[in-house]
Amino acid sequence: MLVQEARYSMRVEEKELNSLSKSILKTLLYFNIFQYPLTREEIHNYCSLNTSMHEISAQLEILESIGYVKKNGGFYFFKGVDEKMLLRRRIEGKKNAEKLIKTAGRFSKFISFFPFVRGICLSGSLSKGYADKESDIDYFIVTVPGRLWLCRTILIIFKKLFLFNSHKYFCVNYFVDTSSLEISDKNTFTATELVSVIPTYNSAIYQQLMLANEWAKSYFPNSELKDSTKVHPENKSSLKKKIEWIFSGKMGNKLDDKCFQLTLSQWKKKFMDFDETQFDLRLRSRKNVSKHHPNGFQEKVMKKYESGILDFEKKYNVSLT
């Protein structure tokens with residue numbers, strides 16, 4: 001009789017998850033898409049509730065005791081996965097990322113010499129502390145208003161001529177200007193990318209970017225600004241200033257418009273199978289923003305995330321909403 005009561009009690013406990021447990025599980029489910037186990041500190045950072053590390057630790061212990069999550073080597077993940085593979089992948093990925101971030105810092109300093117560049121951050125997997133053999137260095141670049149497309153074109157021409165169009169160390173796929181720092185897509189994916197970006201050039205612009213996107217704090221209230229002590233300061237090269245002065249007037253306006261029109265025309269021809277919504281989400285092309293994510297990565301991640309939540313709810317007969 002006592003055994004039956006204990007089993008019934010456990011089933012009730014499993015089904016009556018509190019809001020913090022749900023948030024922790026959804027955080028782990030999101031990063032599970034990338035086979036990326038999390039530390040306690042990372043769970044706290046990406047938790048959707050304003051809470052303390054102590055509360056996170058206490059709730060993780062409960063989730064472990066119930067059997068929803070496991071802990072190994074300081075990392076948390078779900079039961080039934082290849083633990084050795086995940087841990088090896090995570091540890092090796094961190095080592096690779098540390099090396100690649102140093103390379104990204106050097107490239108960021110180089111990119112800062114290009115005209116109209118005002119701020120640079122690292123995004124993608126590298127900003128989460130992971131890199132493998134296939135990883136690129138993804139740069140989020142902030143430009144002067146009215147010269148975004150001219151700046152982008154100059155960088156792309158340089159990449160094609162001198163780097164043989166290699167994306168490995170020079171993937172410039174997202175641009176905004178200083179007058180349009182707020183990201184219009186507001187969801188778990190974009191919020192995760194925002195709070196995880198690593199500033200590498202001009203910390204003042206990074207702080208402005210975070211301030212313009214305070215909405216991301218509603219997704220991750222425990223996230224904090226990244227350390228900016230090693231960020232390259234604003235580049236005040238005399239050559240850069242001269243080039244910017246040359247293209248500051250009507251000629252610069254016409255060139256920027258031409259670069260915008262040519263790129264947009266090229267993309268519409270190349271991705272003519274995209275409907276209007278897909279094109280805007282993957283290849284947003286406006287005078288103040290350039291986004292080049294034709295593989296629809298954001299959409300794929302969000303679909304997998306939603307599917308992962310549904311699968312977990314079905315498996316354990318619980319609700320995470």
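The values are calculated or read from the model by the stated rules, or taken from the named source; none is laboratory data. These figures come from a predicted structure and were not determined experimentally. In this analysis, Cβ positions are derived from the backbone assuming ideal geometry, glycine residues included, and neighbour counts consider all displayed protein chains.
Descriptive notes on the structure:
- Total residues in the stretch 248-289 satisfying the condition of being under 21 Å from residue 181 (Cβ atoms) and basic (Lys, Arg): the figure is 4.
- Taken over the stretch 32-43, the criterion of being within 19 Å of the chain's Cα centre (by Cα) and either among the β-branched types (Val, Ile, Thr) or surrounded by fewer than 21 Cβ atoms within 10 Å (Cβ to Cβ) (or both) is satisfied by 32, 33, 34, 35, 36, 39, 41, 42, 43.
- Flag for residue 106 being among the basic types (Lys, Arg), more than 22 Å from the chain's Cα centre (by Cα) and assigned by TED's automatic domain parsing to the domain that holds residue 169: no
- The residue that is farthest from the chain's Cα centre (by Cα), counting only those in the stretch 75-103 that are of a type in the set (Val, Ile, Thr) and over 26 Å from residue 156 (Cα atoms), is 81.
- Every pair of residues 6+ apart whose Cβ atoms lie under 8 Å, when the first sits in the stretch 219-237 and is within 21 Å of residue 190 (Cα to Cα) and in the same structural domain as residue 122 (by TED's automatic domain parsing) while the second is part of a loop (DSSP other than H, G, I, E, B) and polar (S, T, N, Q): 219/48; 220/48; 221/48; 221/50; 222/50; 222/51
- Yes/no for residue 94 being under 30 Å from residue 232 (Cα atoms) and not hydrophobic (A, V, I, L, M, F, W, C): yes
- Residue 100 being out of contact with any Phe, Trp or Tyr (no Cβ under 6 Å at 6 or more places or on another chain), more than 22 Å from residue 239 (Cα to Cα) and surrounded by 14 or more Cβ atoms within 10 Å (Cβ to Cβ): yes
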